[in-house]
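K.L.:
I am attaching a structure below and will ask some questions about it afterwards.
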Amino acid sequence: MTSIAGILGRQVVQALRVHDPRPAPPLVSRARWSVEQAQDWGKRTPWLLGANFIPSTAGNQLEMWQADTLHLPTIDRELGWAAEQFGMNSMRIFLHDLLWQADGEAFLDRIEQVLEVANSHGITVMPVLFDGIWNPRPVVGRQRDPRPHLHNSTWLQSPGADVIANPDRWDSLRPYVEAVISRFAHDPRIVAWDLFNEPDSPNPAYRKFEPAHKSALIARLLEQVFDWAAAVDPDQPITVGIFNGTKRGAERSRQAARVIFERSDIYSFHSYEGEKGLADSIRYLSSFGRPLVCTEWLGRPRSPAVLLEVLASHSVGAFNWGLVDGRSQTKFPWTSWYLRRKGEPSPWFHELLHPDGTPYSDQEAQLFRKVASSMSSAPES
């Protein structure tokens, strides 16, 4: 019998597949930084080791950042665990456009508070401004409680489907991009800007709520978001994570992926594959000459912690998904949306720590510390 997970996998592959048989035009770099400028950033920047961080007390971006649910003591405690137990020196952290619309400068002040907490632990931050995966109907205010045993059951897209579907509303996003990047454009606590997470994700769990022709719309919006960010001209590189076309055929990728390839200062990418798939992605993406950062990995058992050694051996920055088990519930797999099971998953899909700060795996924690130590003491190339 064909499994639901297998059907889901084929649906995603079909959504990502390019059918146009015509020859694809070559990529033309339109990045703000030249390859040489990007390489210089890579030489000046310590090897990045971190996680995609949301505190255990929050299930989505709004719950993390809204004034009544932002919990700095938890953030302080958990970032301390990241630095002390895993040797982490950076975090990828998700923002949301509705926070700027609702709170304006007060939201930026809260970002300042989190940056200060992170900096106290020797941790830089890669903010993510927009997100194209999970619930496309975000609403500010009190967020619903997570559904038990369900991966990312309250995570939100930014902007919502109603904005994506209406190009006349896209300009309303520009003040958010300009305000956030301008406030921290010269701040050494920001290591890079990730403009849009998985922007044209096929998002099977919420397909019926997605706008028609999402991929084509996103490609157009991405061009504008890159324009807005580049116009601010921050000291830090701007990027969007490549999550398809990571092994070959960038020219034949969907238009949104082509925009990412052509306009990112550094190349960030996602990989939940095993060692061969990860190595193939690194080999192909390295051919473009820009520094590489893997901004999502570690999905047990296929993408295990030992792959950190592969990333480090190629000097590819590494941000695994998840730090502390909590309201995001990403210790449960993606397939929990279709194959509901009660009880503790074995193995955990994401996350490194129990809520009390004890490691999910002592061996994994030792590996992270070992690799972090070896990379911090390695001579500069």
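K.L.:
Scan (1) within 19 Å of Gly122 (Cα to Cα); (2) among the β-branched types (Val, Ile, Thr); (3) surrounded by fewer than 24 Cβ atoms within 10 Å (Cβ to Cβ) for the single condition Ile54 breaks and write down its number.
P.N.:
So Ile54 meets the others, but not (3).
K.L.:
Which condition does Asp233 not pass, out of (1) in contact with a Leu (Cβ under 6 Å, 6 or more places away or on another chain); (2) closer than 21 Å to Trp41 by Cα, if it passes all the others?
P.N.:
Status for Asp233: all satisfied but (1).
K.L.:
If we keep just the residues of the range 357-381 that are modelled with pLDDT under 95 and polar (S, T, N, Q), which is farthest from Gln85 (Cα to Cα)?
P.N.:
Taking the range 357-381 as the starting set, the residues that turn out to be modelled with pLDDT under 95 are 376-381.
Restricting the remaining residues to those that are polar (S, T, N, Q) gives 376-377, 381.
Working: Ser376: 15, Ser377: 18, Ser381: 27 Å.
Selected residue: Ser381.
K.L.:
Output the residue which, of all residues in the range 112-136 that are under 12 Å from Arg183 (Cβ atoms) and surrounded by fewer than 21 Cβ atoms within 10 Å (Cβ to Cβ), is nearest to the chain's Cα centre (by Cα). Break it down stepwise before answering.
P.N.:
First, the residues of the range 112-136 that are under 12 Å from Arg183 (Cβ atoms): 112, 115, 127.
Now drop any that are not surrounded by fewer than 21 Cβ atoms within 10 Å (Cβ to Cβ), which leaves 112, 115.
Details: Glu112: 20, Leu115: 17 Å.
So, considering only residues that are under 12 Å from Arg183 (Cβ atoms) and surrounded by fewer than 21 Cβ atoms within 10 Å (Cβ to Cβ), the one nearest to the chain's Cα centre (by Cα) is Leu115.
K.L.:
On the given criteria, is His151 out of contact with any strand residue (DSSP E or B) (no Cβ under 9 Å at 6 or more places or on another chain) and buried (at least 19 other Cβ atoms within 10 Å of the Cβ)?
P.N.:
Judged against the criteria, His151 is a match.
K.L.:
How about the range 308-356: which of its residues are closer than 23 Å to Gln39 by Cα, under 16 Å from the mean Cα position of the chain (by Cα) and either modelled with pLDDT under 95 or small (Gly, Ala, Ser) (or both)?
P.N.:
Gly317, Ala318
K.L.:
Condition first: hydrophobic (A, V, I, L, M, F, W, C), within 16 Å of Leu95 (Cα to Cα) and surrounded by 21 or more Cβ atoms within 10 Å (Cβ to Cβ). Now tell me which residues in the range 156-183 satisfy that.
P.N.:
Within the range 156-183, Leu156, Leu173, Val177, Val180, Ile181 qualify.
K.L.:
Take the residues in the range 165-197 that are of a type in the set (S, T, N, Q) and in a helix (DSSP H, G or I), then tell me which one is nearest to Asn119 (Cα to Cα).
P.N.:
First pass over the range 165-197, keeping only residues of a type in the set (S, T, N, Q): 166, 172, 182, 197.
Remaining after also requiring in a helix (DSSP H, G or I): 172, 182.
Working: Ser172: 32, Ser182: 19 Å.
Restricting to residues being of a type in the set (S, T, N, Q) and in a helix (DSSP H, G or I), the top hit is Ser182.
K.L.:
All but one of (1) within 21 Å of Pro136 (Cβ to Cβ); (2) at pLDDT 95 or above hold for Phe243; which doesn't?
P.N.:
Evaluating Phe243 over (1) within 21 Å of Pro136 (Cβ to Cβ); (2) at pLDDT 95 or above leaves (2) as the failure.
K.L.:
Shifting gears a bit: Looking at (1) farther than 30 Å from Val28 by Cα; (2) not in a loop (DSSP other than H, G, I, E, B), which is the one condition that is false for His151?
P.N.:
The single condition His151 does not satisfy is (2).
K.L.:
Okay, next question. Collect the residues in the range 300-324 that are assigned to a strand (DSSP E or B) and either touching a strand residue (DSSP E or B) at 6+ places or on another chain (Cβ under 7 Å) or farther than 20 Å from Leu353 by Cβ (or both), keeping them in residue-number order. Can you show your working first?
P.N.:
Here is the first cut: in the range 300-324, the ones assigned to a strand (DSSP E or B) are 303, 317-321, 324.
Selection gives Gly317, Ala318, Phe319, Asn320, Trp321, Val324.
K.L.:
Name the residue, out of Ala106, Ala67, Ala82, that is closer than 20 Å to Ile190 by Cβ, surrounded by fewer than 16 Cβ atoms within 10 Å (Cβ to Cβ) and aliphatic (A, V, I, L, M).
P.N.:
On inspection, the qualifying residue turns out to be Ala106.
K.L.:
Among the residues of the range 291-335, count how many are in contact (Cβ under 8 Å) with a residue 12 or more places away in the chain, farther than 27 Å from Thr74 by Cα and of a type in the set (Ser, Thr, Tyr).
P.N.:
3
K.L.:
Hey, does the range 209-217 have a residue that's of a type outside the set (Val, Ile, Thr) and at positive phi?
P.N.:
yes
K.L.:
Same structure again: Among the residues of the range 339-381, write down those that are touching a strand residue (DSSP E or B) at 6+ places or on another chain (Cβ under 7 Å), of a type in the set (A, V, I, L, M) and either farther than 30 Å from Asp40 by Cα or not in a helix (DSSP H, G or I) (or both).
P.N.:
The answer is Leu352, Leu353, Ala365.
K.L.:
I would also like to ask the following. Scanning the range 70-103 for residues that are without any contact (Cβ under 8 Å) to a residue 40 or more places away in the chain and not charged (D, E, K, R), which turns out farthest from Ala318 (Cα to Cα)?
P.N.:
Ala102
The values are calculated or read from the model by the stated rules, or taken from the named source; none is laboratory data. Please read these numbers as outputs of a predicted model, since none were measured by experiment. We place every Cβ from the backbone using ideal geometry, glycine too, and count neighbours over all the protein chains shown.
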